[in-house]
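Engineer: Quick one: the structure is below, and I'll ask about it shortly.
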Amino acid sequence: MNVLNALLIMAAVVFPFGWVIYRLIRYTAKSMGNESPLVVRVTYQVSKGEYFSRFAFLSLLVLIFFNLLLLYCMFFIAERFATAYWHWGIVWSGVAVAFYSLWFIALLFKLEWQYWLITKARTITLDPADKSLEIAAADGLVRITASDVEAVEIHAPGPESSKMVGGYHYFCFILKDGRRIYLNHNKSYLDYSITDYFKTVPTRCVPHKIPWIIAP
């Protein structure tokens, strides 16, 4: 083995490990370290391109393609070769699986739309100076601290939920004046920041089989 091959093998082993370590360090810095809302003022906005280019959303499009392909195969290819009853059993089982999958994907698209409605055109600011959460939207600006909030609800998938809905969470801030403020859980540092900012406020987790956004 020459030196070049040895260096290539070492790079193939060390680079992925180093990349993982780097990502872990960056995650820690942004979620609870010196770059997090626990220490510095952080402002973010999720654009349409960023939201709809997420792996979770793109995977739904891929699943639609494969289920439509399965339907095509069942209706236009497999039925030509079905000569026994058990052949037809396989065909109609495939059709049933494809239609069920498409129905469930349709539910997930509805879920995606609900979460987009509480995400689009919103600028979120987390300020550790006064532990405030500010949400600037087209219909106005809301700035809240623990003194304004009666309770915090964390809506998330429950133990019986499908893994397909595992990435859907949202916060609901119930204000003392009766209003409800919704915040999409789409940043890694939100758990730590919300816990710290509103630690004096009663907080409860609300599990759902599918975490629909329950508006009043």
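Engineer: Go through region 148-158 residue by residue and tally those that are within 17 Å of the chain's Cα centre (by Cα) and either surrounded by fewer than 12 Cβ atoms within 10 Å (Cβ to Cβ) or aliphatic (A, V, I, L, M) (or both).
Structural biologist: So the count comes out to 2.
Engineer: Cβ-Cβ below 7 Å, separation at least six or inter-chain, first residue in region 181-210 and free of Cβ contacts under 8 Å to residues at least 40 places away in the same chain, second in a strand (DSSP E or B): which pairs?
Structural biologist: HIS185/TYR170; HIS185/PHE171
Engineer: Here is a follow-up. Which number in (1) at pLDDT 90 or above; (2) over 20 Å from TYR182 (Cα atoms); (3) surrounded by 12 or more Cβ atoms within 10 Å (Cβ to Cβ) marks the one condition that LYS131 misses?
Structural biologist: LYS131 satisfies every listed condition except (2).
Engineer: Filter region 192-216 down to the residues that are modelled with pLDDT of 90 or more, surrounded by 12 or more Cβ atoms within 10 Å (Cβ to Cβ) and closer than 19 Å to THR145 by Cβ and list them by number.
Structural biologist: The initial filter retains those residues of region 192-216 that are modelled with pLDDT of 90 or more, namely 193-213.
Right, trim to surrounded by 12 or more Cβ atoms within 10 Å (Cβ to Cβ) and you get 193-198, 201, 203, 206-213.
Matches in region 192-216: SER193, ILE194, THR195, ASP196, TYR197, PHE198, VAL201, THR203.
Engineer: Please enumerate the residues belonging to region 181-191 that are crowded, with 17+ Cβ neighbours inside 10 Å and of a type outside the set (Val, Ile, Thr).
Structural biologist: Step one: filter region 181-191 for residues crowded, with 17+ Cβ neighbours inside 10 Å, giving 181-187, 189-190.
Listed by number, the residues that qualify are TYR182, LEU183, ASN184, HIS185, ASN186, LYS187, TYR189, LEU190.
Engineer: Which ones in region 183-216 are over 18 Å from the mean Cα position of the chain (by Cα) and either hydroxyl-bearing (Ser, Thr, Tyr) or not in a strand (DSSP E or B) (or both)? Lay out the reasoning, then the answer.
Structural biologist: Restricting attention to region 183-216, the residues satisfying the condition of being over 18 Å from the mean Cα position of the chain (by Cα) are 195-204, 215-216.
Those that are over 18 Å from the mean Cα position of the chain (by Cα) and either hydroxyl-bearing (Ser, Thr, Tyr) or not in a strand (DSSP E or B) (or both): THR195, ASP196, TYR197, PHE198, LYS199, THR200, VAL201, PRO202, THR203, ALA215, PRO216.
Engineer: Identify the residue in region 159-180 that is of a type in the set (Phe, Trp, Tyr) and under 17 Å from TRP116 (Cβ atoms) and, among all such residues, is surrounded by the fewest Cβ atoms within 10 Å (Cβ to Cβ).
Structural biologist: Let us first name the residues in region 159-180 that are of a type in the set (Phe, Trp, Tyr), namely 168, 170-171, 173.
Those left that are additionally under 17 Å from TRP116 (Cβ atoms): 168, 170-171.
Details: TYR168: 24, TYR170: 23, PHE171: 21.
So the residue we want is PHE171.
Engineer: How do the strands (runs of 3 or more DSSP E) wholly within region 130-175 filter down when requiring 2 or more residues that are touching a Pro at 6+ places or on another chain (Cβ under 9 Å), small (Gly, Ala, Ser) and free of Cβ contacts under 8 Å to residues at least 60 places away in the same chain: which remain? Don't jump to the end; show me each part of the working.
Structural biologist: Working: elements: 132-137, 140-144, 149-157, 170-175.
Correct list: 149-157.
Engineer: Looking only at region 29-51, which residues are part of a loop (DSSP other than H, G, I, E, B) and either touching a residue at least 24 places away in the same chain (Cβ under 8 Å) or surrounded by 15 or more Cβ atoms within 10 Å (Cβ to Cβ) (or both)? Steps first, please.
Structural biologist: To start, the set of residues in region 29-51 that are part of a loop (DSSP other than H, G, I, E, B) comprises 32-41, 46-47.
Correct list: MET32, GLY33, GLU35, SER36, PRO37, LEU38, VAL39, VAL40, ARG41, VAL46.
Engineer: If you go through region 88-123, how many residues are over 21 Å from SER162 (Cα atoms) and within 17 Å of the chain's Cα centre (by Cα)?
Structural biologist: Qualifying residue count, region 88-123: 5.
The values are calculated or read from the model by the stated rules, or taken from the named source; none is laboratory data. Small disclaimer: the values here were computed from a predicted structure and weren't measured. Virtual Cβ from ideal backbone geometry, glycine too; neighbours counted across all protein chains shown.
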